[in-house]
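Asks: Take this structure first; my questions come after.
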Amino acid sequence: DTGVSQNPRHKITKRGQNVTFRCDPISEHNRLYWYRQTLGQGPEFLTYFQNEAQLEKSRLLSDRFSAERPKGSFSTLEIQRTEQGDSAMYLCASSLVWTTEAFFGQGTRLTVV
Amino acid sequence: DAKTTQPNSMESNEEEPVHLPCNHSTISGTDYIHWYRQLPSQGPEYVIHGLTSNVNNRMASLAIAEDRKSSTLILHRATLRDAAVYYCILRDGHTNDMRFGAGTRLTVKP
């Protein structure tokens, strides 16, 4: 297993378009997290899944954002009608429920023009 | 949410020890203290965690105050590759939520 994988690594989109990011966690990990990070700031929590269940969503996750984790494996994060303020690095992390170390992917950098 | 307070930045000389402080005065009994670091253009990387007792691993040591309201990450011999942003996080032992603050940017001078 090569760790947490995120695709694409970079995405440039026009304002108003929809984008979807994919995260493939470490295979046996039950927990999957999504974060957003802007320049000079720490990662901001967006949502997390335990298996296929989405257990918590941040207030940052507006109605334009949706995340899924079908079958408790990979996850997707979709942003509809993108805005310039959505430009950020989107990070995914996974962990086992009963351990406390989380492994992060390298992120998807979104630029909305 | 329990919060942490860290200095914005610190500097160290190469091959010298570094002590990175973190205050977490509102910590609850079930919160674990975690440290992650983020190198440029990479996702955060786990460093160490603890609950009450001091902890050592191959990367660092974690010293936790007796009242648990503060902790210190210790890098015993800083290298240039240790230059990163270091995050101190309180992780709830029941929900395992992780909330990051702004972190401390460590600069290591040769």
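Asks: Would you mind listing how long the protein assembly as shown runs along its three principal axes, going by Cα atoms, in whole Å with the largest first?
Replies: The Cα atoms of the protein assembly as shown stretch 49, 38, 34 Å along their principal axes.
Asks: Still on this structure: Can you tally the net charge around A:Ser87? Count Lys and Arg as +1, Asp and Glu as -1, for every other residue whose Cβ sits under 11 Å from the Cβ of A:Ser87.
Replies: Numbers: positive: A:Lys11, A:Arg15, A:Arg36, A:Arg109; negative: A:Glu83, A:Asp86.
Net charge around A:Ser87: +2.
Asks: So which trypsin sites (Lys or Arg not before Pro) in segment B:34-79 end up in coil per DSSP with only 15 or fewer other C-beta atoms within 10 Å?
Replies: Details: sites: B:Arg37, B:Arg58, B:Arg68, B:Lys69, B:Arg77; in loops: B:Arg58, B:Arg68, B:Lys69, B:Arg77.
Passing both the DSSP loop test and the Cβ count: B:Arg58, B:Lys69, B:Arg77.
Asks: Taking loop as defined by DSSP and a crowding limit of 16 other beta carbons within 10 Å, which trypsin sites (Lys or Arg not before Pro) in segment A:1-52 fit?
Replies: A:Arg9, A:Lys14, A:Arg15
Asks: Of B:Gln38, B:Ser71, B:Ile89, which is farthest on the positive side of the dipole of chain B, counting Cα position, with +1 on Lys and Arg Cβ, -1 on Asp and Glu Cβ, and the Cα centre as origin?
Replies: Projecting each Cα onto the dipole axis, the largest value belongs to B:Gln38.
Asks: Given 10 Å bins starting at zero, what is the percent of C-alpha pairs of chain A in each, up to the one with the largest pair distance?
Replies: So the P(r) values, bin by bin, are 15, 50, 29, 5, 0.
Asks: Now, a different point. State to the nearest 20 debye the size of the charge dipole of the protein assembly as shown about its Cα centre, where the only charges are +1 on K and R beta carbons and -1 on D and E beta carbons.
Replies: 660
Asks: Also, I was wondering about something else. Rounded to two decimals, what is the ratio between the C-alpha radius of gyration of chain B and 2.2 N^0.38 Å?
Replies: Here the answer is 1.00, to two decimals.
A short reminder: the numbers here are calculations on the coordinates, not readings from a lab. As the structure is a prediction and not an experimental result, all values here were calculated from the model. Every residue, glycine as well, gets a Cβ built from its backbone with ideal geometry; the counts of neighbours run over all protein chains shown.
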